[in-house]
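Worksheet: one structure, shown below.
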Amino acid sequence: SYLRVKVNGTYANLLCDTGSSTTLCSVEFVNKIRCELRPLTKGSYDFLITANCSKLKLLGKTTLELDFDGKIVCYDFLVADSLNASIIVGTNFLADNKINLDYANHVIKFQDGTVFPFIPRSLLCIARIAYSTYIEPNDVVKVRLKVKKRAFNQHVRVADLPTPIRTVNIITRSV
């Protein structure tokens, strides 16, 4: 499930991944919002094993401030190279912050009663860039997309695209 939150003052899409025991953010996102990348503590792992058994290189850690419409949570994130999402919160983040995922009502619930909505499923789809392209960091390029859901075969706004791009899960909105 995706959430749209403010992270260090910048809006970002956050993936709640109950299959991950670790909370991560991409090095591209860290660079984009210009926050401090601290070294990993001595003796800690410098990689993780992903669900498909590949190694994910860890580059350091950072502290991010997440703003859930006024509910502020500061948390230490591991920073990884080649991450598919800008921010992934794992079960450690959910447990440490006493967050319950309420799929029936499409919200997360904090212990203090704060409720925050998922991005509606109707706004999620899988899109592919229709042709091979490379987008430089901080560049704006108009690209043609192929979208799997017919309802989204219209103009879409693409946020938080990693570079270089091949196939990505994106959040789309009609414009």
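The values are calculated or read from the model by the stated rules, or taken from the named source; none is laboratory data. Everything numeric in this text was worked out from a predicted model, so none of it was measured. Cβ atoms come from the backbone with ideal geometry, glycine included; neighbour counts cover every protein chain shown. Just so you know, the surface numbers come from the protein's heavy atoms only, side chains and all, with ligands and any DNA or RNA stripped out. Shrake-Rupley method; radii C 1.70, N 1.55, O 1.52, S 1.80 Å.
Considering 84, 92, 13, the condition of being part of a loop (DSSP other than H, G, I, E, B) and within 29 Å of residue 103 (Cα to Cα) is satisfied by 84 alone. Quick check: is even one residue across region 68-87 among the aliphatic types (A, V, I, L, M), touching a Pro at 6+ places or on another chain (Cβ under 9 Å) and within 18 Å of residue 119 (Cβ to Cβ)? Yes, the conditions are met somewhere in region 68-87.
The one condition from (1) open to solvent by less than 70 Å² (accessible area, probe 1.4 Å); (2) in a loop (DSSP other than H, G, I, E, B); (3) touching a helix residue (DSSP H, G or I) at 6+ places or on another chain (Cβ under 9 Å); (4) modelled with pLDDT under 90 that residue 22 does not meet is (4). Among the conditions (1) loosely packed, with under 15 Cβ neighbours inside 10 Å; (2) closer than 17 Å to residue 11 by Cβ; (3) in contact (Cβ under 8 Å) with a residue 12 or more places away in the chain, residue 87 misses just one, which is (1).
In region 97-108, what residues are in a strand (DSSP E or B) and open to solvent by 80 Å² or more (accessible area, probe 1.4 Å)? Let's see the steps before the verdict.
Filtering region 97-108 down to residues in a strand (DSSP E or B) leaves 99-102, 107-108.
Listed by number, the list holds a single entry, 100.
Pairs linking a residue in region 7-34 that is without any contact (Cβ under 8 Å) to a residue 60 or more places away in the chain to a residue that is part of a loop (DSSP other than H, G, I, E, B) and of a type in the set (Asp, Glu), with Cβ atoms under 7 Å and 6 or more positions apart or on different chains, are 27/81.
The single condition among (1) crowded, with 16+ Cβ neighbours inside 10 Å; (2) closer than 17 Å to residue 7 by Cα that residue 76 does not satisfy is (1). Of all residues in region 2-19, those satisfying the criterion of being at negative phi and open to solvent by 30 Å² or more (accessible area, probe 1.4 Å) are 2, 4, 6, 10, 11, 15, 17, 18, 19. Looking at region 33-57 only, could you name the residues that are open to solvent by 60 Å² or more (accessible area, probe 1.4 Å), assigned to a loop (DSSP other than H, G, I, E, B) and of a type outside the set (S, T, N, Q)? Those that are open to solvent by 60 Å² or more (accessible area, probe 1.4 Å), assigned to a loop (DSSP other than H, G, I, E, B) and of a type outside the set (S, T, N, Q): 34, 36, 37, 39, 42, 43, 45, 46, 51, 53.
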